[in-house]
Amino acid sequence: MSNQREFGIVKWFNNDKGFGFISPEAGGKDLFAHYSEISGSGHRSLEENQRVSYIAAAGQKGPQATAIEVA
């Protein structure tokens, strides 16, 4: 995993539970997305099929998106 920003599409995001998954545009495994990693203030959420940028990191259960921003 690098510190470079990558792009992906939100596969799904559950606002009630505060998490979902992002499919990388470059291909590969889907990344876990947690609401606490979404940049911004107030209620942070993502919409299905929304294009986002992120920094990929190794999470406890696999690849995870950090520093998520709507692209």
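Derivation of every value follows stated rules applied to the coordinates shown; laboratory data play no part. Just so you know, these numbers come straight off a predicted model, no measurement behind them. Cβ atoms come from the backbone with ideal geometry, glycine included; neighbour counts cover every protein chain shown.
Of all the residues in the stretch 17-60, those that are among the aliphatic types (A, V, I, L, M), exposed (fewer than 14 other Cβ atoms within 10 Å of the Cβ) and without any contact (Cβ under 8 Å) to a residue 40 or more places away in the chain number 1.
Within the option set 27, 62, 40, being on the phi > 0 side of the Ramachandran plot, out of contact with any strand residue (DSSP E or B) (no Cβ under 9 Å at 6 or more places or on another chain) and small (Gly, Ala, Ser) holds for one residue only, 27. Applying the criterion of at least 1 residues that are of a type outside the set (Ser, Thr, Tyr) and touching a helix residue (DSSP H, G or I) at 6+ places or on another chain (Cβ under 8 Å) to the strands (runs of 3 or more DSSP E) found wholly in the stretch 1-56 leaves 19-24.
Filtering the stretch 7-16 down to residues that are surrounded by 13 or more Cβ atoms within 10 Å (Cβ to Cβ) and either in contact with a Ser or Thr (Cβ under 7 Å, 6 or more places away or on another chain) or without any contact (Cβ under 8 Å) to a residue 40 or more places away in the chain (or both), which residue is farthest from residue 65 (Cα to Cα)? Here the residue is 15.
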